[in-house]
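All remarks here apply to the structure that follows.
The values are calculated or read from the model by the stated rules, or taken from the named source; none is laboratory data. Since this is a predicted model, take the numbers as computed values, not measurements. Cβ atoms come from the backbone with ideal geometry, glycine included; neighbour counts cover every protein chain shown. Accessible surface is based on the protein model in full, side chains and every heavy atom, while ligands, DNA and RNA are left aside. Shrake-Rupley method; radii C 1.70, N 1.55, O 1.52, S 1.80 Å.
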Amino acid sequence: MLTGYLRQRRRTLLAFFLFGGIFAAAFALYQLPLRAVAYPFVLCAAAGAVLLALDYRRVLRQHRRLELLRQLPEELADALPPADTVKEADYRSLVTLLAESRRAIRTQEEQRYSDMVDYYTMWAHQIKTPIASMRLTLQNEDSDLARSLSGDLMRVEQYVEMVLVFLRLDSSTTDYVIRSHSLDDIVRPAVRKFAGEFIRRRLRLDYQPLDRTVVTDAKWLGFVVEQVLSNALKYTASGSVTIAMDGDDLCIRDTGMGIAPEDLPRIFDRGFTGLNGRRDTRASGIGLYLCRRICRSLGHTIRASSVPNQGTEIRIGLGQKKTLPE
């Protein structure tokens, strides 16, 4: 700060020394004693140093106030220090104008986002009606085609639910209800939801009662479990899917194609599909991203390990919210 201030006042300082030099040169030309100019020069330099110090103190206070304002909301732009010069007044007017323009742009963006959220929320709720109607129709059919269509319909329901979850996560009124739940009461509905898929694809499910109570939100953790199970089924052509506890971690393992080592660190990134996504164009790269965001909001963790062509294991760490044996 001091270096910048001196650089700002360099013209004044140079002018002072220039005038002192002119006086000294004039006295020397007329062969007058240099002490006559040295003494007032020193007095002027002392007085100038005091004035410079006082001015630096004023500028420093103003600088610190501006630094504080930079960390505050833009609505406080009116709290800028009063302008002492025409130049400062011009800058102050410019800053105020920019703040008003930014507020207007932000208001427009918030309105657009709100309209988009309202539209997609309405769409997601309206699409549930024909989905429910199709499900009732397929329940009266008992054929391979009906079972295949039921599986496809279940995936459509999943994508609709993903839309709603995506919208709710950015909402200021996300309906988390944190309390103690039986982990089996959260996992079993997800298993039942995919029961037909397990049967149709002849995959084995290894699941024993977990006998564990977890402090969480049942609906949101249930969505995470469903997403992980859906991925396990999507990328497992044969073998099994295992659901078990390992300490405070809920482990979901499959014997599918696995994940490439270079893709593993990024599978929870938004929109990332990796090598498996290029093989399967249905991959959206949103499911695991939503799982990570939900787990963070609930105070849980989620991580993955995998060996290509051998399988993948997803661990949902429930230890951050205390888990208790039943």
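Structural remarks
- The condition (being surrounded by 15 or more Cβ atoms within 10 Å (Cβ to Cβ) and touching a His at 6+ places or on another chain (Cβ under 9 Å)) is satisfied by just one residue among L153, L164, L138: L164.
- Exclusive hit being surrounded by fewer than 16 Cβ atoms within 10 Å (Cβ to Cβ) and at pLDDT 85 or above, set I178, I186, I131: I178
- Here E109 passes the criteria (1) of a type outside the set (K, R); (2) under 25 Å from G222 (Cα atoms); (3) at pLDDT 85 or above except the one numbered (2).
- For region 189-211, the set of residues classified as open to solvent by less than 70 Å² (accessible area, probe 1.4 Å), over 12 Å from V241 (Cβ atoms) and not in a helix (DSSP H, G or I) consists of L210 only.
- Residues (assigned to a loop (DSSP other than H, G, I, E, B) and among the β-branched types (V, I, T)) located in region 130-178: T173, T174, V177, I178
- Checked against (1) within 25 Å of L164 (Cβ to Cβ); (2) among the hydrophobic types (A, V, I, L, M, F, W, C); (3) more than 26 Å from the chain's Cα centre (by Cα); (4) not in a helix (DSSP H, G or I), L250 passes all but condition (3).
- Filter pass, A89 being open to solvent by 50 Å² or more (accessible area, probe 1.4 Å) and either more than 30 Å from L169 (Cβ to Cβ) or modelled with pLDDT of 70 or more (or both): no
- Residue check, L221 more than 24 Å from R201 (Cβ to Cβ) and part of a helix (DSSP H, G or I): yes
- Every residue from region 310-326 that is surrounded by fewer than 19 Cβ atoms within 10 Å (Cβ to Cβ) and modelled with pLDDT under 90: G319, Q320, K321, K322, L324, P325, E326
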